[in-house]
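Read the structure below first, then the notes.
Values quoted throughout were computed directly from the atomic coordinates according to the rules given, and no laboratory measurement underlies them. The model shown is predicted, which means the values in this text are computed figures rather than measured ones. Cβ: placed from backbone, ideal geometry, glycine included. Neighbour counts: every protein chain shown.
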Amino acid sequence: MIQRETAPAIETSGLVKVFGTTRAVDGLDLTVPAGSVYGVLGPNGAGKTTAVRMLATLLRPDAGEARVFGLDVVRQADAVRGLVSLTGQYASVDEDMTGTENLILLARLLGYRKPPARARAAQLLDAFGLTDAADRQVKNYSGGMRRRLDIAASILNTPRLLFLDEPTTGLDPRSRNQVWDIIRAVVVQGTTVLLTTQYLDEADHLAARIAVIDHGHVIAEGTPGELKSSIGAGTVHLRLRDPGQRQDAERVLARVLNVPVQLDADPVALTARVIGDGTDRELDMGAAEQASRALSELAAAGIVVDDFSLGQPSLDEVFLALTDRSTPADAAA
Amino acid sequence: MSATTENLAPAVPYVPAAETIGAVMAPGERPPRPSALSASITFGWRAMLKIKHVPEQLFDVTAFPIMMTLMFTYLFGGALAGSTGAYLQYLLPGIMVMSVVMTTMYTGVAVNTDIAKGVFDRFRTLPIWRPAALVGNLLGDLLRYVLASTTIIIVGLIMGFRPSGGILGVLAGVALLVVFSFAFSWIWTMFGLFLRSEKSVMGVSMLFQFPLTFLSNVFVEPTTMPGWLQAFVDVNPITHLVTAVRALMAGTWDTGEITWVLISCVVMTAIFGTLTMRLYNRK
Ligand SMILES: Nc1ncnc2c1ncn2[C@@H]1O[C@H](COP(=O)(O)OP(=O)(O)O)[C@@H](O)[C@H]1O
Ligand SMILES: [Mg+2]
């Protein structure tokens, strides 16, 4: 109990879950600091849901250890349940019941007496913009409303750790933004959020740290900035006026930026990655400086540039780069 | 689906406000954990709500028994007992047992549906007495059993069933049947927990329940059956239940059979209740 205050929100070592011949989670090592959003990023089938279910005491690990605020998820499962909440990948609200009934049910199960349970339900429905739909059956809710009700149900007990398993998968952009705002509001209150996602920009927008997982184990871990700088600080896109100058432009870029240059399908376009020093999450000054130096060298060489852009590498590029590598161990920054 | 969704969409799109969400998350006073009983009753309330919202599910427990009673009385009555009226006195307690026991599979189907929909995941992450969700379902079951029994008795009375045990005898018979059904339903809860779909739960339960209910004394006395079949009928708990319920409704008290039934209830609950809880915790 003493260690609970200082222990990380989640700590796993060598966590394993096997289904038949599938090693769904295969030696997962995670440390999630308390008080922020932690992103678990991985493609379909990477083992995200299985890992979350073990941490939420729903599945028993086959090997390894997992602790939540210092409590063992197997031996102290009941104590862990008092601290966590789960919004599963598939709606964990009752479709046949109304929004109000779903929340009252949970409030009662958490020990609220009838009038406070009713008040709590109304308060949550209001905060999540569901008052108008309070007395409709959940099966008539849109995907976004259902997801909001699900999250409302999860924070009813003010959990110290909230698991959100792919909370925006299948939502339209507006609903997705609402969920993002909710997550930001929740974490401000001191609740740690473990967010799994397949969307790289989602982890980028919300998470303080990200673990990239594939085949049931972590292949890279760090802040979004660290992950990006591990494959470069930015990407330069150029369009020339004269396709005949492309070879010259390629030579200049390769010399100035000291990286391989990619010739795009469009005969006037070139792309190159800029390696930065990777110290900042925001666009790297080093990268911008290098790019502008490249531009002036191109002008000096008499090459006419019609269009120029410098972008951050997307986490998509990070993910592809990481999973392409034959030795994933050195992928992390 | 999409039409109703459209209607529900508010005119002004919802914008989450950090303050209001912060307010609902403010760590106010945490209520104490509910007791095992209180958690079970809450789940019972849920079972009632589900019946209120999906009343169609009661169709099976009313229409099916009526059909069975009518069918078997008029089909076998003349041949087996000389007249449908005479046969009804014999058949009705048996057909009631058969129909109610057959509805026990809905317990397993309900559990299976809850799991498939992910609702149970939420319940299983709550720090509550673990069997509460399953025990609470018994309350919904109770409603089903009582409804099915009442339907059959009313249809029987209309058709000419005259139990000499009177109201008390009939109530005692129904009570024994309900107790047995509770114990028996653990079997389907267990199957509901590990079978893949509600269809397979229904399939398996039909596979067990048809022989179990037909190879008994529901329709005829086993005296004309071949010896090997009589041996099965004699150990079939349904046979003992039917004998006991028949006696109660006829105004006699068959202590031997009642004891037999109650012991089988304890045994079934001990075995299948335990297995079910183990599966539920392991899942
Ligand atoms: N209950 C199960 N039985 C068998 N295989 C499973 C089960 N749950 C997950 N798997 C398998 O384990 C792997 C990881 O699944 P999952 O954890 O759902 O991944 P993710 O959530 O990242 O998409 C997949 O190959 C999936 O098919
Ligand atoms: Mg998943």
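3J(HN,Hα) along region B:77-90, derived from phi through the Karplus expression 6.51 cos²θ - 1.76 cosθ + 1.60 where θ = phi - 60°, amounts to x, x, 6, 8, 10, x, 8, 5, x, 5, 5, 4, 4, 7 Hz, with x in place of Gly and Pro. Over all directions, the projected convex hull of the C-alpha atoms in region A:72-116 averages 4.2 nm² in area. With all pairs of different C-alpha atoms in the average, the Kirkwood value for the hydrodynamic radius of region B:137-223 is 15.1 Å. Rg then Dmax, both in Å and based on the Cα atoms of the protein assembly as shown: 32.3, 115. Partner shielding of A:106-119 amounts to 4, given as the average count of beta-carbon atoms from other chains within 10 Å of each residue beta-carbon. A simple charge model with +1 on the Cβ of Lys and Arg, -1 on the Cβ of Asp and Glu and nothing else charged puts the dipole of region B:41-172 at about 340 debye relative to its Cα centre.
The antiparallel fraction among DSSP beta bridges confined to the protein assembly as shown stands at about 65%.
Pairwise inverse Cα distances across region B:38-282, averaged and inverted, put the Kirkwood hydrodynamic radius at 18.7 Å. Counting only residues at least eight positions apart within a chain, or on another chain, the aspartates and glutamates with an alpha carbon under 15 Å from that of A:LYS114 are A:GLU101. Scaled against 2.2 N^0.38 Å for its residue count N, the alpha carbon radius of gyration of region A:1-72 is 1.11.
Along each principal axis, taking the top coordinate minus the bottom one, the Cα set of region A:10-228 gives 46, 38, 34 Å in descending order. Pairs from the list A:LYS17/A:LYS48; B:LYS50/B:LYS117; A:LYS48/B:LYS50; A:LYS48/B:LYS117; A:LYS48/A:LYS139; A:LYS17/A:LYS228 with a Cα-Cα gap above 22 Å: A:LYS48/B:LYS50; A:LYS48/A:LYS139; A:LYS17/A:LYS228. Projecting the Cα atoms of A:THR191, A:ALA299, A:LEU240 onto the charge dipole of chain A (Cβ charges, centred on the Cα centre) puts A:THR191 farthest toward the positive pole.
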